[in-house]
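**Student:** What follows is a single structure, and I will ask about it in a moment.
Read-outs throughout are calculated quantities, based only on the coordinates presented, and are distinct from any laboratory measurement. Fair warning: this is a prediction, and the values are worked out from it, not measured in the lab. Methodologically, a virtual Cβ is constructed for each residue, glycine included, from the backbone with ideal geometry; neighbour enumeration extends over all protein chains shown.
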Amino acid sequence: MPEKVDILGVKFNNYSLKGYKNEISRRLDNKKSTFIVTANPEIVMAANENPIFMKLINQDADFVTADGIGIIKAANILNKPISERVTGYDLFTWLLDVANQRKKRVYFIGAKEEVISDLGKRIQSEYPNIEVAGLRNGYFKDKLDIIARDITKTKPDMIFAALGYPKQEQLLDILKKKELPAVMMGVGGSFDVFSGHAKRAPKVWQDLHIEWVYRFLKEPSRFKRFLALPRFIEEVYRSKRGRR
């Protein structure tokens with residue numbers, strides 16, 4: 001197993017997309033409870049402000065992926081390069097293909113009702129072999145342990161939570177501690193993109209690693225969230241100076 005890369009306290013696995021696919025497939029074959037965190041600079045900064053969230057990521061997650069070019073740049077600054085950016089959306093769509101091929105039960109939770117409804121329609125149309133264990137929007141008042149209990153009863157093979165951090169990770173952590181034999185991943189805004197309610201950056205923007213610029217141009221209201229990136233890079237440089 002490749003040595004993990006520590007970026008501001010968050011320990012990232014250093015796998016390529018192919019490496020993650022191999023590792024996750026093996027765990028799925030063996031029905032291992034598998035909790036994946038797709039961490040971008042915002043999540044790293046949030047973890048630095050919340051020790052409980054940091055502990056959850058580092059001690060409970062089975063994989064922490066570099067979801068964001070900012071993480072790749074930070075690793076290079078620290079002279080500990082990560083082999084490849086691996087986005088939550090890419091893992092999400094690949095896992096849907098796997099679930100369809102293997103006729104798995106999948107539970108989806110998060111986003112608005114119209115988003116989760118349209119997601120369900122697309123799954124039914126394009127992934128006919130997936131058995132949908134549940135479709136639930138993210139606007140619930142029940143406590144997470146009650147939601148986790150409801151999900152457990154459906155006996156899913158995969159769970160995707162689009163509740164935003166840290167809520168989605170907190171829910172999946174409860175299920176991980178129950179040792180639910182499923183692949184579980186927080187996917188942020190992936191449901192919005194997959195359902196057609198939001199548009200992912202064109203491939204040329206993805207290849208240039210400037211999807212964040214595209215999102216900002218499309219949603220200038222996210223300005224405060226984008227400020228996390230320069231703060232993150234500043235903290236990385238500070239961390240590097242402190243190690244000398």
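**Student:** Taking Lys178 as the anchor, which lysines have their alpha carbon closer than 18 Å to its alpha carbon, excluding any fewer than eight residues away along the same chain?
**Tutor:** Lys31, Lys32, Lys55, Lys143, Lys153, Lys155, Lys167
**Student:** Ranked highest first by the average count of other Cβ atoms within 10 Å around their residues, in what order do 69-78, 136-145 fall?
**Tutor:** Highest to lowest by the protection proxy: 69-78, 136-145.
**Student:** Oh, and also: If the elastic network links every pair of Cα atoms under 10 Å, which of Pro51, Pro166, Pro156 fluctuates the most in the Gaussian network model of the chain?
**Tutor:** Pro51
**Student:** Still on this structure, I have one more. Please check: in the Gaussian network model of the chain (C-alpha springs, under 10 Å), which one of Asn58, Asn100, Asn50 has the largest mean-square fluctuation.
**Tutor:** Maximum among the listed residues: Asn50.
**Student:** Further question: Give me the one-decimal nm value for the distance between modelled label points at Ser239 and Ser16, 7 Å along each residue's Cα-to-Cβ direction.
**Tutor:** It is 2.5 nm.
**Student:** Right, another one. Given an 8 Å cut-off on Cα distances and at least 6 residues of separation, report the relative contact order of segment 146-203 as a percent.
**Tutor:** 38 percent.
**Student:** Treating segment 44-96 as a set of equal point scatterers at the Cα positions, no solvent, please give the Debye-formula log₁₀ I(q)/I(0) at q = 0.25 Å⁻¹.
**Tutor:** Summing over Cα pairs of segment 44-96 leads to -1.09.
**Student:** If you take every DSSP beta bridge fully contained in the chain, what fraction is antiparallel? Give it as a percent rounded to 5.
**Tutor:** 10
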